[in-house]
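To start, the structure itself, in structure tokens.
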Amino acid sequence: MKIDRDACWLKKKVDMFELKTYTLKAEGPIASTIREEMPRLFEGIKEVNNTGAINIELVDDVELGAEGFQIIKGSQMKIQATTTKGLLYGIFKLYELLQLNKPIERPIRSIPDQSFRMINHWDNMDGSIERGYAGKSIFYNDNLFRKDYNIVRQYARLLASVGINALSINNVNVHAIETRLILEESLPEVKMLNDIFASYGIKTFLSINFASPKKIGGLKTADPLDEEVVNFWKDIIAKLYRVIPDFGGFVVKADSEGEPGPFKYGRGHDDGANMFGRILKKYGGLCIWRCFVYDCIQDWRNRKIDRARAAYDNFLPLDGKFDDNVILQIKLGPLDFQVREPLSPLFGALRKTNHIIEFQLTQEYTGQQKAIYYQVPVWKEVLDFDTKYDYNPSIVKKLLKNNSPVKEHSGICAVGVVGMDNNWTHHKLMQSNLYAYGQLAWDNQLSSEEIASNWTTLTFSVSKEAHEKITEILTSSRETYALYNAPNGVGFMCKPNHHYGPDIDGYEYDRWGTYHFADREGIGNNRTVQGTKFVTQYSAARCDEYNNLKTCPDEFLLWFHHVNYDYVLQNKKTLIQDIYDNHFLGVERVKNYQETWESLEGVLDEESYRNVKGLLQEQYRVAVEWRDQINTYFYRKSGIPDQQGRKIYS
Ligand code: GCV
């Protein structure tokens, strides 16, 4: 039996009652999409030529910019924007407002807070997805394009409905076969995908391999200052834009985890990125250059090296040296999407370079689509973070744009989450992250609770009580996960390679630069001014706060300091007791989720109910494993028993 793909938050049609007609005065691919979407979203609606009940129209309103829209409800409803893309966002917003029963008394004007709202796919052409846990790639299979355009269209509409406006379609680790994606042989298929996304207002990008001139061009070098190399790229890019004139550009992971880059030729990352920038400029293309550059063959014996310093050390000296169509892409934390990381110190320090912040929708370190981990609290933590530089505004959500010379070349991107699983994200509740990402990137003021509540209303048809239960699970889930994971910001402690489940010393004597340094006295990284000095990469005010044991927030204590197990935290508990308490509580909370969920039997549709019930069993199993391994590990190291005498295995 063929099961229909889950239409997620666009499942229910709105009954328009009196609003049965609309007029649309616009043409082009996005206008055609609007014509297709109107009857899909609104029950029984038809296009008419003259005056419809809803008038969708292009207007001259400079303040709305290229993506904003307004919805006015008078005797006739109007959706206005300066572009068809703005109109498309407008109809999705109208749909949402009606579904959520929100009144449209006054005109609603909406302009996105962040310019770039991108998704990065880590899909490989063999159909696998690096760090993907929701089935195979929707784009590729068996080293070929999958060519299931129906799924791609459904995906594009989900993205556009929450305002996503850019995406890259292949892994940033570009293997031999994907290196060929930029060649003429692949372009017709890349164009097919590009055009589907473009009809939903989304720009398509490719990740490229920096060493392509050698790998597919027959050259001896990939030196960005070599004339032949430049000519290789000129030729590739010219052919690409001949076939796909509205193509977005390239995403580049260089000198990172084995990927080639400019360092090999004694060149800087500015040389590498600007080479692409200069060639792409003629076509309006962009070069998105990742700052995830660090030494991944580190010696754990050498305590002077600190991987956390790498992005800042490599890129801050280059601030102002990048061309205006180059965008730096920076992970939100200095390491790698741990459950708790302080903000990457590049934000706020970087003042003269376009940049976007990188989130991760796929739950690599946070439960791999088997645990509930609603991410808005994580994202709000960083977007609302005050870097405390002595200029205004020093808050991340504002300075992304303010500190980027070209405002349109700033914003957010997130590693994607969807796969061939019928519900897209494997865990039904984790569809909420995809929805939430778009919503929050558009409107940074939205709260975690509001987004979770809206998603729940759009996704399920349930009573107020059931609705509250679901949103409560979502909004508390990040904290729950943090409770039973690696303590106080120390990070990792997960199984090497695949990153699922606990392995406390898994990375401790490895080359990756992610250590916790636990001994019989204490644990943590000394990143203070007496230690690796990582802390000095922040503004003076933040540096003082983190450097001082008394003011460093408990949740980041072990990120910045090495302390003894009997050290008393700001919450007045000893570190060891806090570790025990949190791990018992974390498991307790997952147990409560199970009970709450089971109370929804018969209230929710069977498929969603079963999906989450089954996955909660697995979340509980792994949470118990985290609790017991962490508690036992620290009990063995410290010899300090739990004050409450709970069961800790020895
Ligand atoms: C795509 C981490 C992940 C890798 C990923 C890398 C990156 O190291 O484990 O799978 O590679 O980040 O962001 O480039």
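Observations on the structure shown:
- The slack between Asp443 and Lys20, meaning 0.36 nm per residue of separation minus the straight C-alpha distance, is 149.3 nm.
- Only Cα sites of the range 122-194 enter the Debye sum here, all with the same form factor; the resulting log10 I(q)/I(0) across q = 0.15, 0.20, 0.25 1/Å is -0.50, -0.90, -1.33, listed in q order.
- Length released on extending from Asn50 to Lys11, taking residue separation times 0.36 nm less the Cα-Cα span: 11.0 nm
- Over 28 Å (Cα to Cα) - which of Lys73/Lys469; Lys46/Lys191; Lys136/Lys331 fall in this group: Lys73/Lys469; Lys46/Lys191
- Within the accessible surface of the chain, defined with a 1.4 Å probe on protein heavy atoms only, the carbon and sulfur portion equals 49 percent.
- Rounded to the nearest 20, the size of the Cβ-charge dipole of the range 371-520 about its Cα centre is 280 debye, with Lys and Arg at +1 and Asp and Glu at -1.
- Förster-model FRET efficiency, 51 Å R0, Arg40 and Ile297, C-beta, rounded to 0.05: 0.50
- P(r) histogram, all alpha-carbon pairs of the range 8-110 included - 5 Å bins from 0, percent: 3, 14, 25, 28, 21, 9, 2
- Here the chain is assigned +1 on the Cβ of each Lys and Arg and -1 on the Cβ of each Asp and Glu. Its dipole about the Cα centre then comes out at about 420 debye.
- Two-site FRET efficiency, Thr536 against Arg511, from Cβ-Cβ distance with R₀ of 22 Å, rounded to 0.05: 0.30
- Note on Lys220 and Ser75: with the Förster distance fixed at 60 Å, the Cβ-Cβ geometry gives a FRET efficiency of about 0.25.
- DSSP bridge orientation in the chain - percent antiparallel, rounded to nearest 5: 25 percent
- Shape category assigned to the range 68-209 from the gyration tensor of Cα positions, a/c cut at 1.5: prolate
- For the range 518-551, applying the loop criterion from DSSP together with a ceiling of 16 other beta carbons within 10 Å to the trypsin sites (Lys or Arg not before Pro) yields Arg520, Lys533, Lys550.
- Low-density loop positions, GluC sites (Glu not before Pro), the range 1-75 - DSSP coil, at most 15 other Cβ in 10 Å: Glu18, Glu27
- Reachable aspartates and glutamates from Lys214, criterion Cα separation under 13 angstrom, eight or more residues apart if same chain: Asp223, Asp226, Glu228
- For the chain: accessible area per residue (Å², 1.4 Å): 38 Å²
- Global form of the range 317-357, assessed from the alpha-carbon gyration tensor, a/c cut-off 1.5: prolate
- Sparsely packed GluC sites (Glu not before Pro) within the range 223-301, loop by DSSP, other Cβ within 10 Å at most 15: Glu257
- Remark: relative contact order (the range 354-446) = 39 percent; criterion is Cα-Cα distance under 8 angstrom and separation of 6 or more residues.
- Converting the Cα gyration tensor eigenvalues of the chain into ellipsoid dimensions via √(5λ) gives semi-axes, longest first, of 39, 33, 23 Å.
- Once the chain from Ser650 to Glu598 is taken as fully extended at 0.36 nm per residue, the excess over their C-alpha distance is 15.4 nm.
- The modelled label-to-label distance between Lys550 and Arg621, using points 7 Å beyond Cα along the C-beta direction, is 4.9 nm.
The values are calculated or read from the model by the stated rules, or taken from the named source; none is laboratory data. Worth saying up front: this structure is predicted, and the values here are computed from it rather than measured. Methodologically, a virtual Cβ is constructed for each residue, glycine included, from the backbone with ideal geometry; neighbour enumeration extends over all protein chains shown. Keep in mind that these areas ignore ligands, DNA and RNA; they rest on the heavy atoms of the full protein, side chains included. Shrake-Rupley method; radii C 1.70, N 1.55, O 1.52, S 1.80 Å.
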